[in-house]
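Step one of this worksheet: look at the structure below.
Values quoted throughout were computed directly from the atomic coordinates according to the rules given, and no laboratory measurement underlies them. As the structure is a prediction and not an experimental result, all values here were calculated from the model. Methodologically, a virtual Cβ is constructed for each residue, glycine included, from the backbone with ideal geometry; neighbour enumeration extends over all protein chains shown.
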Amino acid sequence: MTVIEARGLRKAFGTTIALDGINLRVEEGRILGVIGPNGAGKTTALNAILGLTPYQGELRVLGRDPWTERDQLMRDVCFIADVAVLPRWARVSQALDYVAGVHPRFDRAKAEGFLAKTDIRRASKIRELSKGMVTQLHLALVMAIDARLLVLDEPTLGLDILYRKQFYDSLLNDYFDRSRTIVLTTHQVEDVQNVLTDLMFINRGRIVLDCSMEEFESRYLEVTAHPEHVASARALKPIHERQVLGRSILLFDLTFDHVDRQQLAVLGDVRTPSIADMFVAMLGNKPGNKAGEAQGAAR
Amino acid sequence: MNTQSNAVPESFDSQGIAPAAMSATRPMYWSVRRELWENRSIYIAPLAVAAVMLFGFLIATIGHAMSMHDPARRAAVLTEPNTFAELLIMGTAFIVGVFYSLDALHGERRDRSILFWKSLPVSDLTTVLSKASIPLVVLPLLSFALTVATQWIMLLLSTAVMLGSGLSVAPLWSHMPFFQMWLMLLYHLVAVHMLWYAPIYGWLLLVSGWARRAAFLWAALPWLAIGIVEKLAFNTSHFGAWLGYRFSGGAAGGSFTADNASMDPLMHLTPGKFLSTPGLWIGLAFFAACIAAAVRLRRSQGPI
């Protein structure tokens, strides 16, 4: 069952091209992380999916056209667009009342249950809550909705590590199951490495990497080369190299024929690269660097 | 993490469950309540005015009336503030409605909460209509209820004071044509505040949905500019007169100012004449156009 399907999705703001004809297919039961530098087009893509912005090209979300059917789509789709978009004037109880009033799939008891685990009081105004508590409240509201697609755009921006950890833990333990789908963007990629099932890098309106985490792990390898093997490691054409504490760390794409896992294990310590390192390797903003090569290598 | 290993898509069974039936009016009802939660001045301002009015009545009017000896004149003094209360409450409601409308579609973009409202299954049409219903339905009904309550309380206060002084209350009660007064008031509210003023509120809502800042200026300046250009170019002020006609209540306005006249005030209700005024229908068409434009705007607008 395909939840999101986009073909040739384009969006331009004046002369700036935010989305340059992207193709996208998200199946049910996946957790897709859309990672990209600022201005890469992530939020534009999510806004198109949520029916918040018009677009060119073909896009179906749960079989609907988001731009013309936003209100019906929102019965099955939830989103947290950003931290702190809950109305600051409202009381916690009013936010619960309102969502319960307008959303046919909202389970109030469930939301109350989530809130009971926090320090949030029903009578508090949202403006009196800390940023972390507002996020907890928003997550409680969203998790109590029996939706099929949850879209999170920078849901943990500006939160400390405890709240961030708790956020993804609740999402995985109390919300996610195989009938739901989550699409999220974040700059805190280290938080989501073990959360995602699928990974997508997007840069300048184009998709530069699109793979499942299994593929990611079997395809890319990072070698911390022993000093005496650095030269031979370089000869195997790593897609990226960086220096950490005087040691060379080289990143290899194993789909290239000339290199395999055993060969690399001899040269140094091997491990799966972090998403963050992979991101820097592919999108590091030095002009004319390996990004082009990596881009070509990516599917 | 166990969720990764088993993330293979599988057919799922909840797909067939239709969303719980929810009548179309529920989102509307909750959206209007939401507006009242956010903008408490909608009822606090008219209530405060009514309270001040009653306080003034209690300390000034009653004292003044009790110093009179002629029962008829005393009754006249005691009933005089009725009209004043009506005008004051309606005027307050109008001002509240104007400021509410100017902020209605602007505030949610300014504080970014529009992203939250749009994440819920409420259409832009429902949202805009719920916001339009505040000045067009909620405030007139509130004005009516509050005016009736204020007039009743003033009558009861007068009665209590007069009975306490051993005076007959008959002249007072016979001086109060309640049924006529309230019918007049209701007619005025529906004809003027709901129908005749609709284009004013529609315009304000449209500007509040369009302007990125200074909604008040954008709402007022075009009309002011037209008036000034007309004055400079032709040295006439037809446009100003036309605006004044709209604000004064136009074809329906006359009936209200004739209130408390010596003859039957119901004679002044001329719904036939009012309904055949082209200005009414042109105004309502303008209102509909403004609302349609505001709905379209809200669909594409995000936070500012």
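Overview of results
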| quantity | calculated |
| --- | --- |
| Packing-based exposure ordering (other Cβ within 10 Å, fewest first) of B:SER119, B:SER300 | B:SER300, B:SER119 |
| Number of partner chain Cβ atoms within 10 Å, mean per residue of A:68-79 | 4 |
| Value of D in µm² per second that Stokes-Einstein yields for chain A, Kirkwood Rh from Cα pairs, at 10 °C (1.306 mPa s) | 76 µm²/s |
| Over the protein assembly as shown, equivalent-ellipsoid semi-axes from the Cα gyration tensor in Å | 66, 26, 20 |
| Förster-model FRET efficiency, 25 Å R0, B:THR25 and B:LEU275, C-beta, rounded to 0.05 | 0.35 |
| Pairwise FRET efficiency - A:VAL280 versus A:ILE161, Cβ, R0 = 25 Å, nearest 0.05 | 0.75 |
| Computed E for B:SER41/B:ARG110 - FRET, C-beta separation, R0 22 angstrom, nearest 0.05 | 0.80 |
| Shielding by partners, peptide A:194-207 (average Cβ within 10 angstrom, other chains) | 1 |
| Length gained when the stretch A:LEU236-A:ASP174 is fully extended (0.36 nm per residue, less Cα-Cα span) | 17.8 nm |
| P(r) weight above 28 Å for chain B, C-alpha pairs, percent | 53 percent |
| Approximate spin-label separation B:HIS175-A:ALA109, in nm, with each point projected 7 Å along Cα-to-Cβ | 6.2 nm |
| Inter-label distance for B:ALA292 and A:ARG10, nm, one decimal - labels placed 7 Å from Cα along Cα-to-Cβ | 3.0 nm |
| Per-residue [θ]222 nm for chain B (sum of -39500 (n - 2.57) over DSSP H runs n ≥ 4, rounded to 500) | -22000 deg cm²/dmol |
| For the stretch A:47-205: rounded, prolate or oblate by the Cα gyration tensor [a/c cutoff 1.5] | oblate |
| Footprinting exposure proxy for B:PHE94, B:PHE178 (fewest neighbouring C-beta atoms within 10 Å first) | B:PHE178, B:PHE94 |
